[in-house]
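Take a look at the structure below.
The values are calculated or read from the model by the stated rules, or taken from the named source; none is laboratory data. What you see is a predicted model, and the numbers here were worked out from it, not measured in a lab. Using ideal geometry, Cβ is built from the backbone for each residue, glycine included, and neighbour counts are taken over all protein chains shown.
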């Protein structure tokens, strides 16, 4: 049995439980001073304070009085893509909007072209490098979407890459099928046929492949309507894929209401989410997965996170790492923005990037808190307390990252 003992923890900060926290519960964090954590065969065996247990044969890590939290959970990424889109920066600086660039053949379509041209090995190498960087910032679990293939062959290719990374990289990954990310150029004059392709041809093969756990759709002006999104998500349910939805990122066309109606596990973005959308999500038990670095990168407003917490909607936060609207994979920056722009407390933010993020990808029983029986995923921070990592901007404060009981 392989053992790892983390001792001399100045302050251990963690949410508790195996489900998303909402309302006042989102800000309830357990703090333990002078703590220790014992991990056996990758799983947390015990957590305590003061007297450190005798652990013969254990590897010992001295936290040197620093803060320790659960590993961060990035519950929304578009990890698998070819190329980059730095050329769009100048267009944005000259006033072009996200939809302007997309409608001119840039945006998602340009990434789709590059992704189709890339081999599985090329995509895997690129994504593996990104995962290394994410883990260096304290992220230990990642959701990864397909959605830049937009053809059956290439969507399945992206999901195979995610499986390969999950099998061979230290990071734990969860796959989401997102064939309905955009109507590709070859179907622009026949969008109904593309929706049919996603639902009737891609979905059965995704189910047969057995890699994806979720189905996502971009419900937005100039992408997929509410009714098209409903059609996609209901097809996903038929094939055992739990629904997620990109909603209210640019225009509020009804995506957040649909999320509540269909019982989506999460709704993503929600930058311009209206009160009726918040109410629908609260009623439907939907987790709001907010992406503040996207608002920052687009120069957009920030999602009404405080209204969501008040309404009893669990709030998670993630990076939205992608080559266009958010080329950011740093969850520490997300933490900063959660306090500075969403006005969430450090305690609410910690829950958002750990336990609620885990719940948004159906892993709250395995990760997201430092408790017996969960995976031994920890971050030792170069910080004395939780406030410090929320307060410091622009520095990597992850001192030591531990994944399944092993030092990264």
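Looking only at the stretch 178-202, residues that are buried (at least 23 other Cβ atoms within 10 Å of the Cβ) and either within 15 Å of residue 233 (Cβ to Cβ) or out of contact with any strand residue (DSSP E or B) (no Cβ under 8 Å at 6 or more places or on another chain) (or both) come to 7 in all.
Being on the phi > 0 side of the Ramachandran plot, assigned to a loop (DSSP other than H, G, I, E, B) and assigned by TED's automatic domain parsing to the domain that holds residue 158: is that true of residue 95 here?
On the way: on the phi > 0 side of the Ramachandran plot: yes; assigned to a loop (DSSP other than H, G, I, E, B): yes; assigned by TED's automatic domain parsing to the domain that holds residue 158: yes.
So residue 95 fits the description; yes.
Of 71, 57, all but one fail to be under 30 Å from residue 405 (Cα atoms) and modelled with pLDDT under 95; the exception is 57. Set side by side, the residues 274, 327 differ, and just one is without any contact (Cβ under 8 Å) to a residue 60 or more places away in the chain and either outside the structural domain of residue 134 (by TED's automatic domain parsing) or surrounded by fewer than 24 Cβ atoms within 10 Å (Cβ to Cβ) (or both), which is 274.
In this structure, does residue 99 turn out to be touching a residue at least 24 places away in the same chain (Cβ under 8 Å) and within 21 Å of residue 180 (Cβ to Cβ)? Yes: the conditions hold for residue 99. Report yes if some residue within the stretch 140-157 is over 22 Å from residue 250 (Cβ atoms) and out of contact with any helix residue (DSSP H, G or I) (no Cβ under 8 Å at 6 or more places or on another chain); otherwise report no. Within the stretch 140-157 (the criterion being over 22 Å from residue 250 (Cβ atoms) and out of contact with any helix residue (DSSP H, G or I) (no Cβ under 8 Å at 6 or more places or on another chain)), the answer is yes, since at least one residue qualifies.
One residue stands out among those in the stretch 286-305 that are over 13 Å from residue 274 (Cα atoms) and out of contact with any helix residue (DSSP H, G or I) (no Cβ under 7 Å at 6 or more places or on another chain): the one that is surrounded by the most Cβ atoms within 10 Å (Cβ to Cβ), which is 291.
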